[in-house]
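Heads up, the thing below is written out as structure tokens.
The values are calculated or read from the model by the stated rules, or taken from the named source; none is laboratory data. This structure is a prediction, so every number in the text was calculated from the model and none was measured. Don't worry about glycine lacking a Cβ; one is built from the backbone with ideal geometry, like all the others, and counts go over all protein chains shown.
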Amino acid sequence: MIRTAIFFVLICMSPIASGQRYDWTIENTERVYGKDTTSPQTSRSSVAHINMTIEDVGDGVIRVTFNSVDIRIPDTPIGDMGFDSNEPADPTNVLEGVLRPLVGLTFTLTYDLHDRVLKPSGELVKERGTSAFGHTISPPFLTVPFAPFMLFQGDASPEQPRSFMLLPYSNGVQIGEASLIDYVTGSAGNALSCEAEIDVSGEGDMPGISMPAQIRVSGHTRSKHNPKSFELIEHDYEITTTLGFEYGPGMPVRSEIVTKVSIRRAASDSGQRTPSEDA
């Protein structure tokens with residue numbers, strides 16, 4: 001009887017993984033230029049609001065769940081488009097079939113010790129709808145947005161945060177070599193801050209293009225964390241991916257994708273104090 005009671009107490013004292021909700025705002029702008037490098041031939045943009053639950057389930061592993069999705073894509077060839085998972089299903093909406101399945105989707109991201117990037121589980125890989133969010137929530141662009149959730153896991157610390165690499169990708173092809181994301185820690189009021197400048201260039205072959213393509217990925221990432229628990233409070237980053245190639249002799253093409261992401265820890269539903277309040 002005593003052994004049973006002790007066992008029960010130990011179970012109650014064991015840490016239980018609990019998820020925290022985060023509100024994401026993702027802004028994407030894509031421009032394509034021809035010979036005239038000052039005026040884009042085409043331009044399109046989108047704004048998405050996503051609520052996710054993110055749970056630390058082990059050293060180098062987090063579990064992510066989509067709770068809601070709201071996206072607006074103006075001025076498409078068929079007019080303004082949008083989808084809101086909080087609205088009733090609309091079978092006439094072309095986005096319904098690809099974005100509705102994301103709601104409730106749960107997947108894991110695992111830190112790859114060799115490549116120092118984040119690898120998704122199969123649940124995310126098979127979903128087509130994440131491409132609507134640009135270079136954010138689909139392979140191979142997962143590292144920059146989700147790395148702050150893992151910077152201080154395990155043996156990592158503010159003095160030596162976990163290291164990550166950036167892979168320069170475009171159109172499903174890696175162009176150039178991976179580059180270290182050089183995170184630097186500091187303080188921001190009562191919070192622990194972590195930021196990095198990103199500037200990676202590369203050159204390589206692309207399918208259907210006879211001449212090598214050039215790519216540059218540049219931007220800035222900055223996050224704030226609870227200095228005691230290291231839980232993420234907020235994360236902002238902006239990245240510009242510029243791709244240049246010759247579609248044919250004397251036919252230069254340059255595309256530019258600008259991604260702006262804001263991630264905020266959602267207010268506690270239970271009324272308990274948040275890590276930012278305790279910091």
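For the range 17-48, a tally of residues being exposed (fewer than 15 other Cβ atoms within 10 Å of the Cβ) and over 26 Å from Leu243 (Cα atoms) returns 2. Among the residues examined, Glu96 qualifies as of a type outside the set (A, V, I, L, M, F, W, C), at pLDDT 95 or above and out of contact with any Lys or Arg (no Cβ under 6 Å at 6 or more places or on another chain). For the range 168-180, does any single residue satisfy the condition of being over 20 Å from the mean Cα position of the chain (by Cα), free of Cβ contacts under 8 Å to residues at least 60 places away in the same chain and over 27 Å from His114 (Cα atoms)? Scanning the range 168-180 turns up no residue that is over 20 Å from the mean Cα position of the chain (by Cα), free of Cβ contacts under 8 Å to residues at least 60 places away in the same chain and over 27 Å from His114 (Cα atoms). Among the residues of the range 108-151, just one is in contact with a Lys or Arg (Cβ under 9 Å, 6 or more places away or on another chain) and acidic (Asp, Glu), namely Asp112.
The criterion of at least 3 residues that are not charged (D, E, K, R) is met by the following strands (runs of 3 or more DSSP E) wholly inside the range 37-129: 42-58, 61-76, 79-84, 106-111. For Ala188, the criteria (1) among the hydrophobic types (A, V, I, L, M, F, W, C); (2) over 23 Å from Ser68 (Cα atoms); (3) under 14 Å from the mean Cα position of the chain (by Cα) hold in every case but one, which is (3).
Comparison of Val98, Val125 shows that the only residue that is surrounded by fewer than 21 Cβ atoms within 10 Å (Cβ to Cβ), hydrophobic (A, V, I, L, M, F, W, C) and touching a Gly at 6+ places or on another chain (Cβ under 7 Å) is Val98. Scanning the range 192-224 for residues that are over 15 Å from Thr242 (Cβ atoms) and in contact with a His (Cβ under 9 Å, 6 or more places away or on another chain) yields a count of 10. Highlighted here are the strands (runs of 3 or more DSSP E) found entirely within the range 139-194 that include at least 2 residues which are at pLDDT below 95 and of a type outside the set (Asp, Glu): 184-188. Looking across the range 199-258 at every residue that is among the small types (Gly, Ala, Ser), outside any strand (DSSP E or B) and more than 24 Å from the chain's Cα centre (by Cα), the one that is farthest from Trp24 (Cα to Cα) is identified as Gly250.
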